[in-house]
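Everything on this sheet refers to the single structure shown next.
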Amino acid sequence: MRHIRSAALTLVLGAGILALAACSGAAPAPDATASTTAPGSAPDPMAPDNAPHVSVVDPVIKLPTVPGNPGVLYFTIEQDAGKANTLVAVHVDGAGRAEMHESKTVNGVTSMDQVTSVTFSQDQPAEFKAGGYHVMLFNLASTMKAGKDVEVTFTLANGDKVSTFVPVQETGAMEGMMEHM
Ligand SMILES: [Cu+2]
């Protein structure tokens with residue numbers, strides 16, 4: 001009897017581990033080789049791992065003015081309740097790599113650095129916009145075209161995710177002059 005019981009326990013445990021593995025398998029791959037996005041593998045935006053109380057507002061992807069250059073993703077991430085959260089990764093369908101950057105101007109010289117985490121809270125949303133934080137998109141797929149909506153997944157430090165569809169737009173001439181120096 002004891003044997004049967006422990007076998008059943010093992011099965012339950014095994015199923016739990018499998019479910020965990022399936023969850024982490026959906027996380028964005030950190031390396032650039034992940035540029036191939038399997039069609040039909042879009043995660044359900046209502047999946048239970050969606051971060052509670054967190055939302056992404058006014059997201060937009062701007063295409064590079066020069067083909068082959070990186071694009072950029074702007075948005076605001078905010079929350080309406082709970083403890084502060086930290087954004088640690090962004091995955092964009094159709095971009096081989098997405099990096100969080102912060103632009104800074106020191107002594108009239110603008111530069112940007114990669115950042116690995118950005119914290120936000122109920123009182124302090126994190127704004128990703130020109131001249132500050134932004135997400136730079138490398139190795140854009142040919143399917144990334146103005147007028148399309150692409151799926152973007154934001155991953156928080158606690159493993160929660162927010163997925164949303166983001167419109168792709170051309171970069172205007174003036175904007176282009178301001179973009180990523
Ligand atoms: Cu940048």
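A few comments on the model shown:
- Among residues of the stretch 104-140 being of a type in the set (A, V, I, L, M) and modelled with pLDDT of 95 or more, the one that is farthest from Thr86 (Cα to Cα) is Leu140.
- Val56 satisfies every condition listed in (1) assigned to a strand (DSSP E or B); (2) surrounded by fewer than 17 Cβ atoms within 10 Å (Cβ to Cβ); (3) hydrophobic (A, V, I, L, M, F, W, C) except (2).
- Entry remark, the stretch 135-162: residues being farther than 28 Å from Gln79 by Cβ and among the polar types (S, T, N, Q) number 3 in total.
- Leading residue by the ranking (modelled with the lowest pLDDT) among those in the stretch 141-164 that are over 14 Å from Pro59 (Cβ atoms) and among the β-branched types (Val, Ile, Thr): Thr143
- Strands (runs of 3 or more DSSP E) contained entirely in the stretch 62-118, each with at least 3 residues that are farther than 14 Å from Ala130 by Cβ and away from the ligand (no atom under 16 Å from the Cβ): 71-79, 85-92
- Scoring Thr155 on the criteria (1) in a strand (DSSP E or B); (2) touching a Ser or Thr at 6+ places or on another chain (Cβ under 6 Å) leaves a single failure, condition (2).
- Among the numbered conditions (1) within 18 Å of Pro70 (Cα to Cα); (2) loosely packed, with under 12 Cβ neighbours inside 10 Å; (3) among the small types (Gly, Ala, Ser), the only one that Gly108 does not meet is (1).
- For Gly131: the one exception among (1) more than 13 Å from the ligand (Cβ to nearest atom); (2) touching a Ser or Thr at 6+ places or on another chain (Cβ under 6 Å): (1)
- Flag for Lys145 being away from the ligand (no atom under 16 Å from the Cβ) and either part of a strand (DSSP E or B) or touching a strand residue (DSSP E or B) at 6+ places or on another chain (Cβ under 8 Å) (or both): yes
The values are calculated or read from the model by the stated rules, or taken from the named source; none is laboratory data. A quick note: this is a predicted structure, and the numbers were derived from the prediction, not measured. Virtual Cβ from ideal backbone geometry, glycine too; neighbours counted across all protein chains shown.
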